[in-house]
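S.K.: So that we are looking at the same thing, I have put the structure below in structure tokens.
The values are calculated or read from the model by the stated rules, or taken from the named source; none is laboratory data. In this text, all values refer to a predicted model and were calculated from it rather than measured experimentally. All Cβ positions, even for glycine, are placed from backbone atoms using ideal geometry, and neighbour counts span all protein chains on display. These area figures cover heavy atoms from the full protein model, side chains too; ligands, DNA and RNA do not enter into them. Shrake-Rupley method; radii C 1.70, N 1.55, O 1.52, S 1.80 Å.
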Amino acid sequence: MAALTKEQANEELAKIRPQLNEWRDAYYTKDAPVVEDNVYDKLYNRLLEIEQQYPDLVTSDSPSQQVGDVTLPDFNKVTHDIPMLSMGDVFSESELAEFNDRIEKNVGHEVDYNVELKIDGLSLSLIYENGILVQGSTRGNGTIGENVTENVKTIKDIPQKLSRPLSFEVRGECFMSKKEFLRLNQERENEGQQVFANPRNAAAGSLRQLDPKVTASRKLDTFMYTIVTFDDLNVTTQHEALATLKELGFNVNPTAQITTGLQGVKDFIEHYGELRDDLDYGIDGVVLKVDDLATQRTLGNTVKVPRWEIAYKFPPEQAESVVHEITWTI
Ligand SMILES: CC(C)(CNC(=O)c1ccc(Oc2ccccc2)cc1)c1ccc2c(N)nc(N)nc2n1
């Protein structure tokens, strides 16, 4: 970044902070985005860049100090003993290479990555006691989320009773398929109701419902991707964790692959960048996770994001008709 004087940094931050806070409030509390994710992400990364250069300019109301959604006042709140982290994100292969270099320098050798599609939904935590689902919650701000247990019990691909009496927490993404999104919006249009802007907002608006019967009337799905406590499971890699989740009856996205170094990652990104419009669920990128869990623990996490994973973000999807026009024009 071109070096800013402290004065210039202060002026730019004074403009960026309220703009990001306004966009975030609309995105989380009203379930309706006012800008595309990549516009928000780019300005947010600019804020982080400047705050990194001048840490004493960070203010408590800066968006970098509040992670994730603001929980609505009318939901019971839950505290996440282990925070639900968000993800650092990159937009180019050169930034991917920088991430990989940082990892290899830190651990001293090449690492395997488990590469996964980044599902464009909302993060969900499920807690089981002796194999029984006892709590479902949203990420909220990462530490305090919303209790949506009764709503989660209406989601058909979430097991209410596991095949083994395990007591643990699992996390994943709750999403609405494109097919269900179109059906729901058609129904709302027929009833003269406001339609949802995109499947992510439709999923958020359906899960964060005070009336579980409304949630039950919407077809929500999940892809689970994290077992938070591994002690009583002999799982040593992220890839094994996904296989264990599937074996226990959770819905797991079938595309995850282990790759060594970056070439496999780039192939995965190219492959699913092309397949994206044909998938029945929204993806907004690809997530690289250091596959070995002990290495993940060595690398640790910052306050907001794990150091051992990164999200490579795709450009925003556009309405089908617009994409065809642009293709023919080119
Ligand atoms: C990686 C993680 C951020 C989950 N992981 C965590 O939330 C998490 C939480 C505490 C962790 O460790 C801690 C333990 C104790 C204290 C603090 C952190 C580690 C990871 C994430 C988030 C969104 C994802 C998404 N949309 N799609 C896919 N495919 N994967 C995703 N993965």
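S.K.: So V214 passes all but one of these: (1) in a loop (DSSP other than H, G, I, E, B); (2) open to solvent by 20 Å² or more (accessible area, probe 1.4 Å). Which condition number does it fail?
M.R.: The failed condition is (1).
S.K.: If you don't mind, another one. Residues that are in contact (Cβ under 8 Å) with a residue 24 or more places away in the chain and either under 19 Å from F75 (Cβ atoms) or open to solvent by less than 10 Å² (accessible area, probe 1.4 Å) (or both): does the range 176-186 have at least one?
M.R.: yes
S.K.: List pairs: first residue in the range 309-322 and within 16 Å of the ligand (Cβ to nearest atom) and open to solvent by 60 Å² or more (accessible area, probe 1.4 Å), second residue outside any strand (DSSP E or B) and modelled with pLDDT under 70 anywhere in the structure, Cβ distance under 9 angstrom, at least six positions apart or on different chains.
M.R.: E317/V323
S.K.: Which residues, taken from the range 244-256, are more than 20 Å from the chain's Cα centre (by Cα) and of a type outside the set (D, E)?
M.R.: T244, L248, G249
S.K.: Which of the residues belonging to the range 227-253 are open to solvent by 40 Å² or more (accessible area, probe 1.4 Å) and out of contact with any Phe, Trp or Tyr (no Cβ under 9 Å at 6 or more places or on another chain)?
M.R.: If the condition is that a residue be open to solvent by 40 Å² or more (accessible area, probe 1.4 Å) and out of contact with any Phe, Trp or Tyr (no Cβ under 9 Å at 6 or more places or on another chain), then N234, H239, E240, A243, K246, E247, G249 are the ones that fit.
S.K.: Now for a separate question. Restricting attention to the range 282-306, which residues are part of a loop (DSSP other than H, G, I, E, B) and near the ligand (Cβ under 10 Å from one of its atoms)?
M.R.: G300, T302, V303, K304, V305
S.K.: For the range 97-123, which residues satisfy the criterion of being of a type in the set (V, I, T) and either away from the ligand (no atom under 16 Å from the Cβ) or open to solvent by 20 Å² or more (accessible area, probe 1.4 Å) (or both)?
M.R.: V107
S.K.: Quick one: how many residues across the range 234-281 are part of a loop (DSSP other than H, G, I, E, B) and closer than 17 Å to M224 by Cβ?
M.R.: 11
S.K.: Right, next: Given the conditions (1) more than 13 Å from the ligand (Cβ to nearest atom); (2) modelled with pLDDT of 95 or more; (3) not basic (K, R), report the number of the one that V235 does not fulfil.
M.R.: (2)
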